[in-house]
Structures are given as C-alpha cells and as structure tokens.
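Engineer: Next up is a structure, given as structure tokens.
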Amino acid sequence: MQIMQGIWLCIHIFGVLVSFFLLASILRQKDSAYKNRLIMTVSCCLVALVSRSLFIMADADMQELLALGKAEYMGKCFANFLALMFILSYYKIRWPGRLMAALFGINLVFFGIIMTCDYHRLYYTSYEIAATSNGNILILGKAPLYYFYMLFCLVEMVLYLYVCINPAYHRSENGTRMIQRLLIAAGVLPFLMLLLYLSGVTGGFDTTPLGIFCSVVCLFMAVNRYGLFDLVQNAKEAVIESMDEGIIVSDNQMKFLYANPAACELFPDMKLGEGMVSESEIQAIYEQTGTVLELNDKSYEIRNAEIRDEMQVKGYMLSVIDVTDVMAQAKLMRELAEKAENASRAKSAFLANMSHEIRTPMNAILGMTEIALRGTLDDQQRDAIEQIKSASTTLLTIINDILDFSKMESGKMEIVEADYDVKSLVQDVYHIFSGKVEEKNLRLEIEIDPTMPRGLHGDEIRLKQVLINLVNNAVKFTEQGSIRLSVGYERAKETEGVVLKAAVKDTGIGIRKEDLERIFNSFEQSDTFRNRKKEGSGLGLAISRQLILLMGGDIHVESEYQEGSTFRFEVPQRVVDESPCGALELSEKQPRSQQTARYEDFRAPNARVLVVDDNLVNRKVAVGLMRPFAMQVDTAKSGKEAIEMVKEKEYHLIFMDHMMPDMDGVETTHIIRQLDGEYYRTVPIIALTANAINGVREMFLEEGMNDFIPKPINIKELSEKILEWLPFELLENQ
Ligand code: ADP
C-alpha cells in the first residue's frame, strides 16, 4: 500500500469512527424538529465514508470497485438534500412542497441512473482502472448527465448557503455568531471538496465523502455544542412540568401519551410518562371541554388544543386550569350586581311611589292655598299663606326632580316630540323669572337670534325644563350683576333641521375647576358648605344633561370661580316653520298661558261639571278652584257613582281622577264611552292625575279621554282647559 493511500485510508477510517460517535450522541438527544434530519445526514455521511474506505482498500477488480462506487453514491446522492432540509427546519423556513419534491425527485432519478450505470451509457461512457499513489481509482468516461448532476449538486450546496446567509431568514433567537459560522462552514466545505475533485487537483481521488464528513461535523457542533437540542427543549419541558395547570397529551386516537405532574395529581390514574390510561378516560376529560369540571372541591376548566402537523391533526393537548378563584369571584360579582340592581330597582320604585303619594297631598296644599288667597285676608294672613304657597311650589319642584331622577335611573325617561314656537318658549322662561330676578336686584337679559326659524319640532316641555333649571341655578347662585339667556341656531349638517343653541351666563359665584365635571352627577353640589343655605336636590343638572343627551344633544359648562358661569347646550331640532321668529316681545309681563286665559275673566253659571275623585280633599280643592267660574259642579267619589250620575244628568265637562280604587279613571271612561247615545261618546272628559309623566297625555287620549291636567292642579291650566272644552255659548264675560 502506498503512503498516500494509507493516509487517505486513515483519514476515512477516522471519519467513520467520528461519524459513528456523532450518530450515537445524536440518537441520545431528546426529540426536536431537526434531530431526524441530522440523523439521516450523518447516516449518509457514514455510508459514503465506509464505502470510500473499502474502495481505498479494495483490489483492482472492476466489479468490486464499481459496486463500492455505487454504495458510496447511496450516501452522496442524498447528503446535500438532507443538509438543505436540515437548515430549513433549523431556521423554521417552509419552502414550497413542489420545489422540495422536485429536488428530492432529481436526486432519486440520478440515484437510479447511477445504480444501473453498468447497463447503460447515460452517466459513464467508459470504465478503466488506474493504479495511482492514492490507490486504485476508476477512470470514468463522463456523459453529459454526469456533468448535469454535478452541477445540480453544486446548486443544492449553493441553496444551502443561500439559506444560511440570507438575513431575511434568520430569527434572532437562533442566531449566535458562532453557530452561524459553523453552519456556513457546513455548506462551504463540501462545496470546496467537490470543486477540488472536479478540477482534477486530487488526481481523480473522490474527496466528496470527506466534504460531507466536514459538513456533518460542523452541523453537529453547531447544534450540539451550543446546546440547541437541549436548551429550548429542556426549557419547554421544565415549564410544562412545573406548571400549576394540568397538561395531558394524547394522540389523535385519544391514546394517552403524556401528563405533567399537575395533571397526574388531579387524575391519579395517569402516570407520568406512562401510556397506561384508557382511551375512555381521556375521552371523558376531553368531553368536558368548555365546561367547568368540579373536582376535589375545586373548579377546573378544560381547554383543548389540537396538535397539528401541517394540515393533519396529530393529537390533542388538554389543559386543566384551576378556575376556583375566578368562579368564586364571578359568583360574588354576580351576587353583588344582583343586589345592587335589586336595591336600585327598589329605590327607584320607592321614589316613584313616594313622589306620587306626595303629589296628592301637595294638590290639597297648593289648591287650598290658592282658594284661601282668593278670600278676604288681612295682610299678615295673606303674607303667611303666600309663604306657604312659595314653599309648596319649591317642594313640588323637588318632588318633580325626584320623580324625573327615578325615571332616569330606570331608563324610562322619554322624549315626546311635537311642534312648538321657539320664541314663545323663550318668552315663557323670561316671564317665569322676571319677578324673581327683580326681587334679587339682578338683571335678566334675554336674546334670541331673530333669523331663527319660528316653528320647531322637539320636546318643548323638556327643553323648557332644562332652560328653567339653568336659569334658576343662575339666579340662585348670583348675588349681583346679571343673568343672560341667549338662544341661537346653526343649520344642521346632516339633516334638514337646525341645531338649537342656548347659553345661560351669570355673574355669580362660579364653580371651582375640580367641581366642573362633578356637578353633572346626581346628588352632587359643588362646594357643599358654601351652598348650604341654597335649596336644591343636586339633581337638576344630572336630569338636564340626561334630557339633552336623550334629545341627541350635549351640554357643557365653563366657569371662573368667583366670576361667573356659562352653561351651554345644543340640541338638533327639526324645522316646521321656516319664517324667522323676529325680535323678542318682552313688554307683556304675563306668560303666554295667561295671555290667552285670564282665568277669572269668565263665568259659566249654566255649565254642568262633574268632578270624579275618590279623595275628599281633592274633590274639595277642585270644587274650590272652580268656584270663581260659578259653574254647577257635582262630585262623585268613585267610577261607579260617576257612571250612575252621567246616566241621570247631561254634563258639559267631566274631570276624572286617574287612580281610584275598584274602578280607575280609564275604566270608568271606557264604560261611559260605551253607553248608548251620541252624548256619551262626545262629552269632554279631562283626566286629573298625580302621575304626571311624559307620554301620559297620549295614553289618556288613546283611552278615550280628551285632555289631561296634572296634579297639583294649576289654576291657570284649569281655567284654560275649561275655556277650551266648555261650549262657547255657556261662557259669560265677567
Ligand atoms: P341643585 O338642585 O343643587 O341646584 P343642580 O344639579 O342643579 O342641583 O346643581 C348642582 C350644583 O352645581 C349646585 O349645587 C351648584 O353647586 C352648582 N351650580 C349649578 N349651577 C351653578 C351656577 N350657575 N353657578 C354656580 N354653581 C352652580
């Protein structure tokens, strides 16, 4: 044996031994995505090296050398492809399946061609044995396919290097510099070896198995030396093993594969790492997915994650999560929410009830006060009764606020829209406050944009309520200076209507910055101590804001402490009459309602009126309030009695209480309307109700009544309704 031949042999045997060692140590590693690919690459290397070693030692026998050459190709043909597969999986890169299949296919075809090369001349055209200093070599006549395959092998190696070098492919966590260099070396070395062999420098001695060997060593070092096998995998396992949540893994046939310690504790039948658990047990746990499993006085939620490889479900991972605390918390929250809801409902119901109950006696107080004021009184008595009237009116405002608030709380606040005259609305507000402002020596300035369309469509009553509340607050919190109410508009962008803009500006005590947002909350009164002497429920602004929001608008405040405040709101309104409203006429001191109805200006001695009310005081109030009109007023204390009386006598007008025991006002009206005769269908019936909520008027009209008056009865409203509904010929001027 020549020296060179001996050296080559030693190198190859060394390679074989090292490859064996590498293979053994890779096999001992825990599973990872690229373990199998590395095993295959090393195996190919081993096959090529062993074949080459035997080739070096072989006699100069053509058949033997040819057979060993073919065996060597068994390893060489697929080594490059496997190295490429490895690097792709290492960087977690997915190349198109077709490309990979094509690469593999070409290798396979050439493997077939080479294995059968002695039967055709496609790959080698001639074979000759030559003894050289490197030992026996085969001098082969190369066909074009041979060059093509060599080129193909070079391309595979270039592809490998491209993956290694292309920064777009590299995920930072896999990329320490050293590993990167080793991986590049694993591609460059076989490439060089192949080039050396092809260039003839090696004297026809095939150095590609050694190239593959160098590549394998570099790959092994990159993967093993730098702990890529262990680190990630071990970390993952450590996390799973130490988790409080139970993890159970099964294959797609529900065969038990693995349970972590937490799962073993929960389900003692499952032994860590043992495949002893029956399918049905896993199935039973699996079926609890999405529900809550009660186990050892605790609640667990089972979550199921499919383990997929490409599109195929390979198994399931069931997580058993302790949700005892979450469940307990959720239960507590539900209970608290329920309690709060019940309490809130009870409170709202109570407030609504109480307001109704309070309005009934308030009717008596206000009504009787009104009646008393009409009598002859000395100054002291008149003053005392005026005080009662004023206090009762304030009390009524508060009760109205509480009623509104309870409606707001229960979401029953409604907006009832109708056509209205915007100028009259502003004038009314002015007249309500003109006297009060004078008493406090303040100036009330009112302006309205004269180009504003006169007729709008919206909830006039609620708009007035908001304006009254804002002006009332301004008057309440201003000791000197002026209050200015300005009303203007802007054309709405989306709709055909306008945006009504109102501002109430005062020169009063102002509001501290930190209170500006708070004052719109229920029951909040800024600077409570300073306001202690000011009456109010602290609900006005909360209700106003809610109303404005319900109307689709917004309300804001700007204020300078000690300087004054400006409340502004804007609400969209439809336009029903485009004619400009013109300048305000504030010379008339009386509000609109009083302009049309001078309540003590008429008498109707021939009018027959029936008042139906179960409450004696209310009946007395109604009769007393009607006394100036000198009408013939009868009373009935129940629906039944009213029906009898209506049958006996033809009335011109009936005032009907709503809430009565046995038969309420609505039912009584139904029965009257159904009595035989035209008169019963047309006699005006006006509802009297302490339940003065919005929408109630519509309800009464639907039920067959003609109109309604809220309690406490307002004498002006009463006279207006009488004027409206009594036949004209019965009225006499005083
Ligand atoms: P209240 O019935 O107490 O007036 P509101 O909700 O109407 O309730 O107002 C809440 C608080 O906002 C008032 O108590 C007052 O402290 C403050 N506030 C409202 N309007 C003004 C104003 N024009 N000037 C100063 N403070 C005001």
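Engineer: Filter the range 13-72 for residues that are in contact (Cβ under 8 Å) with a residue 12 or more places away in the chain, closer than 29 Å to A235 by Cβ and exposed (fewer than 15 other Cβ atoms within 10 Å of the Cβ) and give the result.
Structural biologist: Residues satisfying the conditions are S25, L27, K30, D31, A33.
Engineer: Filter the range 311-364 down to residues that are among the hydrophobic types (A, V, I, L, M, F, W, C) and closer than 30 Å to T394 by Cα, then give me how many there are.
Structural biologist: 10
Engineer: I'm trying to understand the selection: among the residues of the range 645-674, which are outside any helix (DSSP H, G or I), farther than 22 Å from K711 by Cα and in contact with a Phe, Trp or Tyr (Cβ under 8 Å, 6 or more places away or on another chain)?
Structural biologist: E650
Engineer: Name the residue that is surrounded by the most Cβ atoms within 10 Å (Cβ to Cβ), counting only residues in the range 486-506 that are part of a loop (DSSP other than H, G, I, E, B) and touching a residue at least 60 places away in the same chain (Cβ under 8 Å).
Structural biologist: G497
Engineer: Checking the condition outside any helix (DSSP H, G or I), touching a Leu at 6+ places or on another chain (Cβ under 9 Å) and within 26 Å of I56 (Cα to Cα), which residue from I137, I113 passes?
Structural biologist: None of the other options fit; the residue is I137.
Engineer: Follow-up question, since we're still on this one. Return the pairs, sorted by first residue and then second, in which the second residue is among the aromatic types (F, W, Y) and at pLDDT 95 or above, the first residue lies in the range 459-483 and is closer than 17 Å to N400 by Cα and near the ligand (Cβ under 10 Å from one of its atoms), the beta carbons are less than 7 Å apart, and the residues are 6+ apart or on different chains.
Structural biologist: L470/F567
Engineer: Name the helices (runs of 4 or more DSSP H) wholly inside the range 539-644 in which the number of residues that are at pLDDT below 95, within 16 Å of the ligand (Cβ to nearest atom) and surrounded by 20 or more Cβ atoms within 10 Å (Cβ to Cβ) is 3 or more.
Structural biologist: Counting at least 3 such residues, we get 540-550.
Engineer: Out of E306, E310, I need the residue that is farther than 30 Å from K716 by Cβ, acidic (D, E) and at pLDDT below 80. Which one?
Structural biologist: After ruling out the rest, the residue left standing is E310.
Engineer: Can I ask one more? Within the range 457-469, is even one residue within 45 Å of the chain's Cα centre (by Cα), farther than 17 Å from P572 by Cα and at pLDDT 90 or above?
Structural biologist: Within the range 457-469, one or more residues are within 45 Å of the chain's Cα centre (by Cα), farther than 17 Å from P572 by Cα and at pLDDT 90 or above.
Engineer: Tell me, please, whether a residue that is at pLDDT 85 or above and under 21 Å from N80 (Cβ atoms) can be found in the range 132-141.
Structural biologist: Among the residues of the range 132-141, not one is at pLDDT 85 or above and under 21 Å from N80 (Cβ atoms), which makes the answer no.
Engineer: Follow-up. Name, by its number, the condition in (1) more than 19 Å from L547 (Cα to Cα); (2) among the basic types (K, R); (3) surrounded by 15 or more Cβ atoms within 10 Å (Cβ to Cβ); (4) within 16 Å of the ligand (Cβ to nearest atom) that does not hold for K423.
Structural biologist: (4)
Engineer: Where residues in the range 78-131 are polar (S, T, N, Q) and loosely packed, with under 15 Cβ neighbours inside 10 Å, which of them is farthest from L66 (Cα to Cα)?
Structural biologist: The selected residue is T125.
Engineer: Just one of (1) under 30 Å from I93 (Cβ atoms); (2) exposed (fewer than 13 other Cβ atoms within 10 Å of the Cβ) trips up N304, so point out which.
Structural biologist: (2)
Engineer: Turning to a different aspect of this structure: Within the range 1-18, work out how many residues are modelled with pLDDT under 90 and among the small types (G, A, S).
Structural biologist: Final tally of qualifying residues: 1.
The values are calculated or read from the model by the stated rules, or taken from the named source; none is laboratory data. Small disclaimer: the values here were computed from a predicted structure and weren't measured. FYI the Cβ positions are ideal-geometry reconstructions off the backbone, even for glycines, and counts take in every protein chain you see.
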